[in-house]
Every structure is written in structure tokens, then in C-alpha cells.
1. With respect to TRP24, is the statement that it is touching a Phe, Trp or Tyr at 6+ places or on another chain (Cβ under 7 Å) and either in a helix (DSSP H, G or I) or open to solvent by less than 40 Å² (accessible area, probe 1.4 Å) (or both) true?
2. State whether one or more residues within segment 32-39 are free of Cβ contacts under 8 Å to residues at least 24 places away in the same chain and more than 9 Å from ligand 1 (Cβ to nearest atom).
3. Which of (1) without any contact (Cβ under 8 Å) to a residue 24 or more places away in the chain; (2) surrounded by 17 or more Cβ atoms within 10 Å (Cβ to Cβ); (3) within 11 Å of ligand 1 (Cβ to nearest atom); (4) over 25 Å from ARG213 (Cβ atoms) does VAL60 not meet, given it meets every other one?
4. Give the residues of segment 181-214 that are within 16 Å of ligand 2 (Cβ to nearest atom) and open to solvent by less than 40 Å² (accessible area, probe 1.4 Å), sorted by residue number.
5. Does PRO87 satisfy being over 17 Å from the mean Cα position of the chain (by Cα) and either within 22 Å of LEU184 (Cβ to Cβ) or touching a residue at least 12 places away in the same chain (Cβ under 8 Å) (or both)?
6. Would you list the helices (runs of 4 or more DSSP H) that sit entirely within segment 42-102 and hold 2 or more residues that are modelled with pLDDT of 95 or more and of a type outside the set (A, V, I, L, M, F, W, C)?
Amino acid sequence: MTTDPIAIDSSATLRRGADVVRVWDPLVRVFHWGLVAAFATAWLSAEEIQPLHEIAGYAVAALIGFRIVWGFAGGRYARFAQFVRGPRATLAYIGDVAKGRERRYLGHNPAGAAMVVAILVTLSGTALTGWLMAEPERATAVSGQLAIVAPALADDDDGGGVEREADGALKEVHETLANAMLLLVALHLGGVALASFRHRENLARAMVTGRKRAAGPGDVA
Ligand code: HEM
Ligand code: HEM
């Protein structure tokens, strides 16, 4: 007895269809590329076009606000509980990367997850200090305290009073956080490139289409 060729065909199609799975939901993808655009705009307009700088900075803040809600209410791979790990698991994963034997993760791997948290926290601080600078009354109240707790940060050599020093402190923190973001983005891109290479998949494209190769044996889904 021979096997029915149509049955073989349809099961092959089924298998092919199951090869790729949806990982990043549409809102995570819109969030990601929206954040890239807003951050780039804020960065490029800094000290050039102040109104645009502030609008882009507020857009960053709004996107982060959404992402925090989505980290609790979103789909499986959007949830913080799915991907955030402790320092031990993260270091173990990095050790595995160094030995070239890390597992493939369908969602964020532990190092990528740590990077997501670092980016969200750093950008929140950047937007918050920017907002305080743009709101002079709040700036005086909050950064006056900052100038007292961290005088080194407020040391801006222009001989101004506490208020001036306070503004200097805020600006200093704002700029330092913005610069830290450049470093984080560089590491982020390096991580994406490395994981794409190691697991033979285009992760940047996956952040556009939302789809990735289904989990194979040994992968973490
Ligand atoms: C300003 C620059 C960027 C920032 C601030 C940024 C930020 C982020 C954040 C917050 C996530 C987590 C996504 C989520 O779960 O919500 C993420 C993931 C990701 N980003 Fe970016 N990103 C930047 C640029 C890029 C670029 C240029 C690419 C592509 C070349 C890229 C590729 C990815 C990929 C592939 C992931 C998923 C990583 C994974 O598979 O675990 N990012 N990024
Ligand atoms: C979250 C993304 C943001 C990034 C990456 C960013 C980045 C920067 C950078 C690099 C500077 C130049 C610092 C310097 O050398 O003095 C700057 C300055 C400044 N930013 Fe932002 N910023 C962001 C958000 C905001 C927001 C939300 C506001 C206010 C609504 C803001 C208000 C300001 C102000 C008032 C200055 C000082 C301009 C000056 O006096 O020359 N920023 N920002």
C-alpha cells in the first residue's frame, strides 16, 4: 500500500506553517520603532531646536509609560514576568555566551532583558530631568535638593547662587543620562547582531514582522 501523496503534501505544509511563530505583538513593535524615532529626534534636536527636543522627549516618556503598562497587560513575550531574570541567571547566560554555548530564546534572552530594563530606566531619568529643567519652579525645588545632596554634580563654575547650581546639576544629570543611552544603544545593537549571528536569524527583521523561527530542541520558549 502506498501513502496518499496529498496527505504527505498537506502535512509538509502544516509543518512549514508551524515553523514560524508570532513573538512580538504589534504594539511592542510600534513601541520599539516609535522609541527609536523619538529618541533619535530628541538626541539630534538637543541644543538645536528646543521645542522639537521637548516634544520628542515627552514622546519618549509617553512610550515608556505605555510599555510599563504593557509589561503587565501585554501578550506573553511582552510581559516583564516572562523575560526579566535576576543577576545570577543573567551572569550565567553571559558566561554561556562567552563559551559559545548559550541557548536560543524565543523572547528576550536574559542579557537582552537586562538591557531592556536599563534602557527603560535610563530614558525615564533623562525625560524626568528634562521635564524638571523645562519647568523652572519644579527645577528649583527638586534640583535645589540635588545640589545639596550631590554638590559635585552641581559644580558648574559659573559663580551662580543655589538656583543656578541646581539648574547646572539637573543639566549635568540630564546630559550624563543621555550619553549613557548612547553606550546602551551601542551595546544593544552589538547584542542584537551577536544573537542574530549565533542563532542564524535576523532579529531586526523579527522586530519588524513580529515573527521568529519556532523553538527547536534546546531552545527556551
Ligand atoms: C535608539 C535606539 C534603540 C533603542 C532605544 C532600542 C530599545 C529597545 C527596547 C526597549 C527593546 C525591548 C522591546 C520590548 O520588549 O518592548 C528593544 C528590543 C529590540 N531591539 Fe531595539 N532599540 C534601539 C535600536 C534598535 C535598532 C536600530 C535595531 C535593529 C537593528 C533594534 C533591534 C531590536 C531587536 C531585534 C530587539 C529584540 C531583541 C530580542 O530579540 O530580544 N533596536 N530595543
Ligand atoms: C528622553 C529623551 C531625551 C534625550 C535623549 C535628551 C537629550 C539631551 C541632550 C543630549 C541635551 C544637551 C545637554 C547639554 O549638553 O547641555 C539636552 C538638553 C536639554 N534638554 Fe533634553 N533630552 C531628552 C528629553 C528631554 C525632555 C522631555 C525635556 C523637557 C521637556 C528636555 C529638556 C532639555 C533642556 C531644557 C535642555 C537644556 C538645553 C540648554 O539649556 O541648552 N529634554 N537634552
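1. Details: touching a Phe, Trp or Tyr at 6+ places or on another chain (Cβ under 7 Å): yes; either in a helix (DSSP H, G or I) or open to solvent by less than 40 Å² (accessible area, probe 1.4 Å) (or both): yes.
Against the criterion (touching a Phe, Trp or Tyr at 6+ places or on another chain (Cβ under 7 Å) and either in a helix (DSSP H, G or I) or open to solvent by less than 40 Å² (accessible area, probe 1.4 Å) (or both)), TRP24 qualifies.
2. If we filter segment 32-39 for residues that are free of Cβ contacts under 8 Å to residues at least 24 places away in the same chain, which is where we start, we get 36-37.
Cutting the leftovers down to more than 9 Å from ligand 1 (Cβ to nearest atom) gives us none.
Taking every residue of segment 32-39 in turn, none turns out to be free of Cβ contacts under 8 Å to residues at least 24 places away in the same chain and more than 9 Å from ligand 1 (Cβ to nearest atom).
3. (1)
4. Matches in segment 181-214: MET181, LEU184.
5. Numbers: over 17 Å from the mean Cα position of the chain (by Cα): yes; either within 22 Å of LEU184 (Cβ to Cβ) or touching a residue at least 12 places away in the same chain (Cβ under 8 Å) (or both): yes.
It is true that PRO87 is over 17 Å from the mean Cα position of the chain (by Cα) and either within 22 Å of LEU184 (Cβ to Cβ) or touching a residue at least 12 places away in the same chain (Cβ under 8 Å) (or both).
6. On the way: elements: 50-73, 80-83, 87-98.
Correct list: 50-73, 87-98.
The values are calculated or read from the model by the stated rules, or taken from the named source; none is laboratory data. Note that the structure is predicted; figures quoted are calculated from it, not measured. Methodologically, a virtual Cβ is constructed for each residue, glycine included, from the backbone with ideal geometry; neighbour enumeration extends over all protein chains shown. The area values use the complete protein model at the heavy-atom level, side chains included, leaving out ligands, DNA and RNA. Shrake-Rupley method; radii C 1.70, N 1.55, O 1.52, S 1.80 Å.
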